[in-house]
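The values are calculated or read from the model by the stated rules, or taken from the named source; none is laboratory data. Note that the structure is predicted; figures quoted are calculated from it, not measured. Note that each Cβ is placed from the backbone with ideal geometry, even for glycine, and that neighbours are counted across all protein chains shown. Note: accessible area is taken over every heavy atom of the protein model, side chains too, but ligands, DNA and RNA are not part of it. Shrake-Rupley method; radii C 1.70, N 1.55, O 1.52, S 1.80 Å.
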Amino acid sequence: MAKQTAAKAATKVAILGFGTVGSSVAQLLRGQKFPGIELTHIYNRGVERKRSGATAKGLNSGIVWTENIQDILKSDVDVVIETIGGIDPIEGWLRKALSSGKHVVTANKQLIAYKGAGLAKLARENNRVLVYNAAVAGGVPVIPATLHGLQGDRITRLSGILNGTCNFMLSHMEQGAEYADVLKQAQAAGYAEADPTADVDGYDARAKLCILVRAAMQIGINPDEVPAQTIRNVSAVDFAYAKELGCTVRQIARAELRAGVLRARVAPMLVPKSSPIAWSHGTQNMVVTSGEFGGDVVFSGHGAGGNPTAVAIVSDLLAVVHGSNSVALPVKKKAVTGEFLAPHYLRFIVRDKPGIVSAISGALTKVGANIDSILQRPGYPKDALPFVVTTEPTLTSTVEAAVKAIARMNTMLEAPLCLQMLVDDDRAED
């Protein structure tokens, strides 16, 4: 008689948060009907409203819907999927989940950027798995690719677009729209929150950059150490001038390891139209990794929205169910600075009068910055005249010191805009 084998019990899954991403995960699990995976619990505040909503339609009637987190933490679920976001109280909940023998899948970039090292250590101590591939670039598998596919190389540089909301806004501004109008459009489309601070001021991309640096370079950094510059001050005129320079404007997250120091920054920058980063439009994300041996590798895809992120989360879930372990690599600390030696774009709005260019040139010369070009487009009024100065490669802090002095000139109608120019041969200062 053939020996009978007991059927393997289904992996029980709980979802924390039933918003855009959490509901997309639930629908993907329902629609695909992955064998051996059972969605048993859903947590959300005001859970009855979620339970009766359209996004819950078609889900298993046996699912436990709850707004008491203890119903999840004390249950027999095997994997907790967290889609709520934020650090407090989420960190405490996930610590309890790991300590009680549950695996954790999360898309929470702020949590992983600030608290990921401690959570990963706790997961290892409890022989559990913490997976967060959905925390960076949505549906683009850049973290598993760097962890599993590029570890044979030595990654020395990362640059790219890590925030789909800002990319949506800036690529629409490229067509002539102004910031305030495209922000309203992004909010209406569900890409930007009512308070867009995390996106437009660079904090979201900064957290993702720190996670990516940890995965690709094995360097642990606190996001607060990385300078972040807002896109709020970029206007349609900057795209007109950028076009004359053969560039466009994108929010760029970049990091480079040189001479033992990590240079990192998130900011709107001028990007050459010849760069693959300039080709990214709408909510697309793009990351370029530069390896010492393998050269450049480009990752691209949709980085915002429920469905792309849900794909990454369910892929992580499947990896956990099939016994894949997270890659544990030694992480080192490095000094961090936002300094890069690069050309800079300076845009001024002035009340035109003789001597302005001479005064600006003098302020730049005083700090040792050389002018590369001066651009002034026709058709603007003399009492609110925009014009642009570009510099030769100069340290960002040096240019910023000159701009601070220039801003005090009584002909300036608003604060000057200072942007790095991302070019193929720019480098960190040795």
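Structure data summary
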{"read-out": "Mean separation of Cα contacts under 8 Å (6+ apart) over length of the chain, as relative contact order %", "value": "16"}
{"read-out": "Mean ellipticity per residue at 222 nm, deg cm²/dmol - from DSSP H runs of n ≥ 4 across the chain, formula -39500 (n - 2.57)", "value": "-9500 deg cm²/dmol"}
{"read-out": "Estimated dipole of segment 1-133 in Debye, rounded to 20 [Cβ of Lys and Arg +1, of Asp and Glu -1, Cα centre]", "value": "240"}
{"read-out": "Fraction of alpha-carbon pairs over 41 Å apart in the chain - percent", "value": "24"}
{"read-out": "Karplus-derived 3J(HN,Hα), 6.51/-1.76/1.60, for each residue of segment 308-316, Hz, glycine and proline x", "value": "x, 5, 4, 4, 5, 5, 5, 5, 5"}
{"read-out": "Net charge dipole size for the chain [Lys, Arg +1 and Asp, Glu -1 on Cβ; Debye, nearest 20]", "value": "1020"}
{"read-out": "Peptides ranked, highest mean first, by Cβ atoms within 10 Å: ranges 51-63, 364-376, 308-320, 170-182", "value": "308-320, 170-182, 364-376, 51-63"}
{"read-out": "Sequence-distant residues sharing a close amide H with E82 (under 5 Å, placed H)", "value": "L16, V105, T106, A107"}
{"read-out": "From phi via Karplus (6.51, -1.76, 1.60), per-residue ³J(HN,Hα) for segment 332-341 in Hz, x at Gly/Pro", "value": "10, 9, 9, 5, 10, 9, x, 6, 9, 8"}
{"read-out": "Residue-wise HN-Hα coupling along segment 196-208, computed from phi with Karplus coefficients 6.51, -1.76, 1.60 (Hz; x: Gly, Pro)", "value": "x, 3, 4, 6, 6, 8, x, 6, 5, 5, 5, 4, 5"}
{"read-out": "Mean accessible surface per residue for the chain, computed with a 1.4 Å probe while every protein chain stays in place, in Å²", "value": "44"}
{"read-out": "Estimated dipole of segment 225-269 in Debye, rounded to 20 [Cβ of Lys and Arg +1, of Asp and Glu -1, Cα centre]", "value": "80"}
{"read-out": "For I37, distant residues with modelled amide H under 5 Å away", "value": "T11"}
{"read-out": "Residues whose placed amide H lies under 5 Å from that of D372, excluding near-sequence neighbours", "value": "T390, T391, E392"}
{"read-out": "Segment 16-119 shape via C-alpha gyration tensor axes, a/c threshold 1.5", "value": "prolate"}
{"read-out": "The chain - percent of accessible surface contributed by carbon and sulfur, probe 1.4 Å", "value": "50"}
{"read-out": "Net charge contributed by nearby residues that have their C-beta within less than 12 Å of G160 (K/R +1, D/E -1)", "value": "+3"}
{"read-out": "Heavy atoms of D383: accessible area, 1.4 Å probe, square angstrom to 10", "value": "100"}
